[in-house]
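The values are calculated or read from the model by the stated rules, or taken from the named source; none is laboratory data. Here the structure is a predicted model, which means the values were calculated and not measured. FYI the Cβ positions are ideal-geometry reconstructions off the backbone, even for glycines, and counts take in every protein chain you see. Only protein heavy atoms, including side chains, enter the accessible area calculation; ligands, DNA and RNA are left aside. Shrake-Rupley method; radii C 1.70, N 1.55, O 1.52, S 1.80 Å.
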Amino acid sequence: MAQASPTRRSVNYDIFKIIKNYFKESSKQEIRFDLLVPFCISSIIVFFLYLSKVNMLDILKEINDVIISVMSILAGFNTASVAIIASSNPLGVVEAMENQGDHIEGQRLLNSLTSYFSYAIILQLFILIVSIIAAITLKFFDMSTIADNKYLFISLSLIFIIWFTLVLNSLLITLRNASILHNFILFLAKR
């Protein structure tokens, strides 16, 4: 059996580094938009669900099934996008920019691209894992019990808002990633 090295990094080191880089590379306006818009939409949806007196647990179960499918596809899209970026000779792009005196900009472009797409993959896989766990655990809950207990109902509503905010955040990030990929491909075509 192999012995662990005392200088070995944590298994999660790269994950935390990618998340940190994403927030470092994104502007405050992007982060605000990516978090506030989904939060507002999620809050409005929960408010209307509350007013309509529908079974929120059933809605959550139905949405969760869709989320599992969508997040699987989006994680695949972002993984394929990283493969496109990696196969497009990114070091050649940086070198070409160096020759034009833009070394820092080339490194920043490559850092931003990999940060955005890697963060999206991590977020979508996290959502996918939690969705699968939720799909199993939601089968054990009865909405009548939750509706009768105000504390449980408020807790479920807050969880739904946070959960749907994360999902919408992931969709907005993927939307931005699609435009970044488009611009990157056009940039490569000009080279």
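Structural remarks
- One decimal place: the segment residue 185-residue 23 gains 55.9 nm when fully extended, by the rule 0.36 nm per residue minus the C-alpha distance.
- FRET efficiency for the residue 132 to residue 37 pair, using the beta carbon distance and R₀ = 22 Å, is estimated at 0.25.
- Taking 0.36 nm per residue of separation and subtracting the current Cα-Cα distance, fully stretching the chain between residue 15 and residue 149 would add 44.4 nm.
- Solvent-accessible surface of the range 107-191, averaged per residue with a 1.4 angstrom probe and all protein chains in place: 56 square angstrom.
- Counting only residues at least eight positions apart within a chain, or on another chain, the lysines with an alpha carbon under 22 Å from that of residue 20 are 28.
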